[in-house]
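Trainee: Take this structure first; my questions come after.
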């Protein structure tokens, strides 16, 4: 043996013991497998966890739809942009009342990079608790009077849901 340290052969033997794939070597302190165990050999707690994961995912989806329904208390009012303020805020003059409201852009409009300019017609969402602030949720194109979804509802006239006449 070399005085500087253990020989290469003893190093290889130690490495073989540590990385033993069989696990039947009693002298090895640690053994691991390069391949995960088959699914039928997984403990029942792991299988139970994956089933719970699916249940939790379904519950989260239900909660998000409930949150969208909770926004019914928002007031939607049309107006026009009177002034562009710093920090992505706008001063919007509401139709009918002429009241000016400080508004920010909704997240979906930021993501889609919808530009809002001075004089644009917009729809503002406001909470009934603070009528001085709002969120711009829709920008009308030039010449567009109402949203397409609202037009479809009004054109139906005497018809209710799915084209059936109201009873």
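Trainee: Of the residues 94, 117, which single one is in contact with a strand residue (DSSP E or B) (Cβ under 8 Å, 6 or more places away or on another chain), loosely packed, with under 10 Cβ neighbours inside 10 Å and at pLDDT 90 or above?
Mentor: The unique qualifying residue is 117.
Trainee: Quick one: residue 47 ticks every box in (1) over 28 Å from the mean Cα position of the chain (by Cα); (2) at pLDDT below 90; (3) surrounded by 10 or more Cβ atoms within 10 Å (Cβ to Cβ) except a single one, so which number is it?
Mentor: Looking at each condition in turn, residue 47 falls short on (1).
Trainee: Here's a follow-up. Would you call residue 155 modelled with pLDDT under 90 and out of contact with any helix residue (DSSP H, G or I) (no Cβ under 9 Å at 6 or more places or on another chain)?
Mentor: yes
Trainee: Among the residues of segment 116-146, how many are closer than 13 Å to residue 88 by Cβ and within 22 Å of the chain's Cα centre (by Cα)?
Mentor: Of the residues in that region, 2 qualify.
The values are calculated or read from the model by the stated rules, or taken from the named source; none is laboratory data. Source: prediction; values computed, not measured. Positions of Cβ are backbone-derived with ideal geometry, glycine not excepted, and every protein chain shown enters the neighbour counts.
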